[in-house]
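Only the coordinates and a few stated rules stand behind these numbers; no lab work does. Everything numeric in this text was worked out from a predicted model, so none of it was measured. Using ideal geometry, Cβ is built from the backbone for each residue, glycine included, and neighbour counts are taken over all protein chains shown.
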């Protein structure tokens, strides 16, 4: 009995590995290699996160919702279909991208991050911790290994193409070992129809996911552009914020997925979201105060960390929102994302001022998610649990 509990605890610990691959590589670059390859490393992480979300097209969140409402067989069928299909799509696309973009675009690592994070999420929804842990180990090995390749390329002065080929080969090998379907082949036509049906059903959720990641991606490109222009301290602040936010959101996301079915049934999603936002704000404020640095560095770190936390908080609101409020929600997000685009466009003009970076960091997704839960607080049936509870009464 003791051994069984220890084994379960050990597998639960491995679930957290999946999200620390890139942050650990960033930490090693910061601590042992004097920030060597740091800009390329942050760029690879942001590109991977953004493009993986595009490839998923909201499928992960959609399938999670389908499982929560009882469509278990549909989720199983589509999972087998996706696991069996990626090996026929990503390798040729990767070869073409390496030839034309010379290592600047890496479809294999982007695509396999999309597939494996989807598999982790579905395993956790089923409370199959051991299976989720296995996928998390693969994801950690892929992202941490790729991060170390970037660092070593910076140390040795290797060209980008050689670095890209190595990363893509590592990703493909790990994908074949851990994420391919070798036992059962799902019906192609039936699975294709089901996949299209899920995509249509959750189109609003897909667009919302895109806007969230697009906003984060644009701001990351703004930070990278300013850093490349000579502000080396900014990329250090941003990488530190990535490390901290990554750990916090990692722990919360994994724990939430395990218990969200009970949360939905309880009808207490609004309370949970409010507590999460309050906790994020207090934590970010305390960390920023305790961090060493000048006043303006502390302020920028607070805004950067809050913005990164906002990706998680706005995703929570979006994931639990009743679809009847989706259009209003997307319009609000689009306004915030549009502001980021305007600031990024100004960077390329003679009108750019350093203070604009503070404006872009302040108008972030955490601010939006906080405003949205205040608005939905005074509306009945805003979240899926409210609707479920109402139907049961």
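How high is the relative contact order of the range 2-196, in percent, with contacts defined as C-alpha pairs under 8 Å that are six or more residues apart?
35
Structure remark: mean-square fluctuation, Gaussian network model of the chain, C-alpha springs under 10 Å; the largest value among 239, 123, 227 belongs to 227. Working note: 222 nm ellipticity from helices only, DSSP H runs with n ≥ 4, each -39,500 (n - 2.57), summed and divided by the residues of the chain, gives -28500 deg cm²/dmol to the nearest 500. Each Cα pair under 8 Å and six or more residues apart adds its sequence gap; the mean of these over the residue count of the range 104-254 is a relative contact order of 21 percent. As a proxy for reagent exposure, ranking 277, 296, 71 by other Cβ atoms within 10 Å from fewest up yields 296, 71, 277. Per the Cα gyration tensor, the range 2-196 maps to an equivalent ellipsoid with semi-axes of 30, 22, 13 Å, ordered largest to smallest. Ordered by the number of other Cβ atoms lying within 10 Å of each residue's own Cβ, fewest first, 217, 259 fall into the sequence 259, 217.
Here the Gaussian network model covers the chain, with springs between Cα atoms less than 10 Å apart; of 112, 275, 82, 275 fluctuates the most. Relative to its Kirkwood radius, the Cα radius of gyration of the range 294-367 gives an Rg/Rh of 1.06. Going by neighbour counts of Cβ atoms within 10 Å, the residues 317, 198 line up, fewest first, as 198, 317.
Note: the chain, Cα convex hull, 164 Å³ per residue.
When only Cα pairs below 8 angstrom with a gap of at least 6 residues are kept, the chain shows a relative contact order of 21 percent. Put simply, the convex hull of the Cα atoms in the range 218-392 casts, on average, a shadow of 10.7 nm². Residues considered: 34, 65, 201. Largest GNM mean-square fluctuation over the chain, using C-alpha springs under 10 Å, is found at 34.
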